[in-house]
Amino acid sequence: MTTACIIGAGTFDFAYFSSIFEPDWRIIAADGGANHLKDTPFIPEKIIGDLDSLQDRAYWEGHTTVLEQTAQDSTDVEKCLNSTQADQYLLFGCVGNRFDHTLEVLHILHRYSDTRMIFFVGNDMIFRLPKETTLSLPVGSRISLYPLQATQATSQGLKYPLDHLTLEQGGIIGTSNEATAPTQSIQIKKETLACIIHRTHYPLINTA
């Protein structure tokens, strides 16, 4: 399985990224995301975007491929997704102090429904669930669910069971649920449910 990391220009936890990085992962910088990587061992294979936030463009043009895409009908992260082939994407630095960037994360999860991706945001990670999911998080772990679009859900091993419950924006969502058994199972009618858990659980998430 090929993994591509997309680095955005938002808040980036370099220490955490370094701690989970695997040597065979590819690195793509979304415009100013490259600024986080200058003078580090992590050189992106490409920098993609409208380049309005990239610092020291001449430096980067001497070290990697810089692809300027000026169209404004897609974000820099979307430009990276559209220009890269990988089995899964891990996205870092996509959210900062602007709430519209948080909304962009939800937009991308919904728009790229056939793309396997995990966003790392603050201490959390967020990803879409398939129709049937089994997790093995420690008892007491927070499991938040957010509907990108309405879907019916059922669960086992959660403090607040989803008993054929319809989750939808403007109705019932599913934040701050909790694991009450060693194994947690979630079944959904449509693959439009995002799951938010602490990033320390990343090694427990089966991305195969």
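Exactly one of (1) assigned to a strand (DSSP E or B); (2) touching a Pro at 6+ places or on another chain (Cβ under 9 Å) is unmet by Tyr146. Its number?
For Tyr146, the failing item is (2).
Tell me, yes or no, whether region 149-167 has at least one residue that is surrounded by fewer than 14 Cβ atoms within 10 Å (Cβ to Cβ), more than 20 Å from Thr3 (Cα to Cα) and at pLDDT below 95.
Among the residues of region 149-167, at least one is surrounded by fewer than 14 Cβ atoms within 10 Å (Cβ to Cβ), more than 20 Å from Thr3 (Cα to Cα) and at pLDDT below 95, which makes the answer yes.
Looking at (1) surrounded by 20 or more Cβ atoms within 10 Å (Cβ to Cβ); (2) within 15 Å of the chain's Cα centre (by Cα), can you tell me which one Gly174 breaks?
(2)
Of the conditions (1) in contact with a helix residue (DSSP H, G or I) (Cβ under 9 Å, 6 or more places away or on another chain); (2) among the aliphatic types (A, V, I, L, M); (3) assigned to a loop (DSSP other than H, G, I, E, B), Met1 fails just one. Which one is it?
(1)
Please find, among Leu162, Leu204, Leu193, the residue that is closer than 20 Å to Tyr89 by Cβ and touching a strand residue (DSSP E or B) at 6+ places or on another chain (Cβ under 6 Å).
Answer to the check: Leu193.
Test Asp73 against the stated conditions and say whether it is at pLDDT below 95, closer than 25 Å to Ser176 by Cβ and not small (Gly, Ala, Ser).
Working: at pLDDT below 95: yes; closer than 25 Å to Ser176 by Cβ: no; not small (Gly, Ala, Ser): yes.
So Asp73 fails the test.
The values are calculated or read from the model by the stated rules, or taken from the named source; none is laboratory data. Keep in mind that what you see is a predicted model, and the values were worked out from it rather than measured. Because the Cβ atoms are built from the backbone with ideal geometry, glycine has one as well, and the counts that use them run over all protein chains shown.
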